[in-house]
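Trainee: Sharing a structure with you now.
The values are calculated or read from the model by the stated rules, or taken from the named source; none is laboratory data. Quantities reported herein were computed from a predicted structural model and do not represent experimental measurements. Reconstructed Cβ throughout: ideal geometry from the backbone, glycine too, with neighbour counts over all protein chains shown.
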Amino acid sequence: MIVECGTCGTKNRIPEKKQHEAPRCGRCGEAIDLTGRVVPVELGDHDLQAFVAGSRLPVLVDFYSPGCGPCRSLAPVLDSMANRFYRKVVIAKVNTELHHGSALRFGIKGVPTLLFFRNGILHDQLVGVPSQAMLADRLEKLADGGRRG
Ligand SMILES: [Zn+2]
């Protein structure tokens with residue numbers, strides 16, 4: 001993603017995975033505010049495990065398939081949650097059609113399936129499309145638990 005620095009106007013390229021690591025402008029060094037622009041992090045077989053294990057924030061992973069209608073209806077909800085929970089929970093997604101290994105590893109039987117990780121450990125999961133309220137509630141719980149350690 002390309003985000004303009006609010007201070008000097010330089011356009012900064014920010015990798016999706018670095019969104020939650022307090023990005024700074026490459027030119028003037030000011031912090032770049034991503035509020036409202038955060039997008040879910042696309043992960044796959046090569047990086048899912050390492051990302052979830054290494055994230056200091058809890059991570060929600062959406063296992064989806066591009067051809068699945070319910071998954072498509074969930075996508076804008078996840079985009080909005082990625083912003084609502086910015087700096088509290090990382091919202092990530094895995095395309096199960098491209099990344100069979102990850103789906104197998106976590107025993108994904110249908111899409112969408114949402115897995116909630118904290119400190120690299122699976123804490124909660126939801127199968128199917130939850131209501132926005134239910135999803136927000138589960139994310140709050142995940143984030144709160146993270147703060148208590
Ligand atoms: Zn700048």
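Trainee: Go through (1) in a loop (DSSP other than H, G, I, E, B); (2) within 16 Å of the ligand (Cβ to nearest atom) and name the single condition N12 misses.
Mentor: That leaves (1) as the condition not met.
Trainee: Still on this structure: Identify all residues within region 1-33 that are crowded, with 17+ Cβ neighbours inside 10 Å, aliphatic (A, V, I, L, M) and touching a residue at least 24 places away in the same chain (Cβ under 8 Å); write none if there are none.
Mentor: Passing the criteria: V3, I32.
Trainee: Right, next: From the list D47, D124, pick out the single residue that is over 28 Å from P23 (Cα atoms), surrounded by 16 or more Cβ atoms within 10 Å (Cβ to Cβ) and of a type in the set (D, E).
Mentor: Working: D47 fails: over 28 Å from P23 (Cα atoms).
Every option except D124 fails the conditions.
Trainee: For region 62-94, how many residues are in a loop (DSSP other than H, G, I, E, B), out of contact with any Lys or Arg (no Cβ under 9 Å at 6 or more places or on another chain) and farther than 17 Å from R138 by Cα?
Mentor: The total comes to 3.
Trainee: Out of E42, E97, which single residue is in a loop (DSSP other than H, G, I, E, B), modelled with pLDDT of 95 or more, of a type outside the set (A, V, I, L, M) and more than 21 Å from S131 (Cα to Cα)?
Mentor: Details: E42 fails: in a loop (DSSP other than H, G, I, E, B).
Exactly one of E42, E97 is in a loop (DSSP other than H, G, I, E, B), modelled with pLDDT of 95 or more, of a type outside the set (A, V, I, L, M) and more than 21 Å from S131 (Cα to Cα), namely E97.
Trainee: What number of residues within region 106-149 are in a strand (DSSP E or B) and among the charged types (D, E, K, R)? Give the steps one after another, and end with the answer.
Mentor: The initial filter retains those residues of region 106-149 that are in a strand (DSSP E or B), namely 113-118, 121-127.
In the following step, the residues that additionally are among the charged types (D, E, K, R) were identified as 118, 124.
Summing the residues that are in a strand (DSSP E or B) and among the charged types (D, E, K, R) in region 106-149 gives 2.
Trainee: Related question: Going residue by residue through region 34-52, is there one that turns out to be in contact (Cβ under 8 Å) with a residue 60 or more places away in the chain and more than 16 Å from the ligand (Cβ to nearest atom)?
Mentor: Going residue by residue through region 34-52, those that are in contact (Cβ under 8 Å) with a residue 60 or more places away in the chain are 52.
Those left that are additionally more than 16 Å from the ligand (Cβ to nearest atom): 52.
Yes, there is a match, as at least one residue in region 34-52 is in contact (Cβ under 8 Å) with a residue 60 or more places away in the chain and more than 16 Å from the ligand (Cβ to nearest atom).
Trainee: From the list V111, V39, V77, which one is among the aliphatic types (A, V, I, L, M) and touching a strand residue (DSSP E or B) at 6+ places or on another chain (Cβ under 7 Å)?
Mentor: Details: V39 fails: touching a strand residue (DSSP E or B) at 6+ places or on another chain (Cβ under 7 Å); V77 fails: touching a strand residue (DSSP E or B) at 6+ places or on another chain (Cβ under 7 Å).
After ruling out the rest, the residue left standing is V111.
Trainee: While we're on this one: What do you reckon, is A50 over 25 Å from S131 (Cβ atoms) and not acidic (D, E)?
Mentor: On the way: over 25 Å from S131 (Cβ atoms): yes; not acidic (D, E): yes.
It is true that A50 is over 25 Å from S131 (Cβ atoms) and not acidic (D, E).
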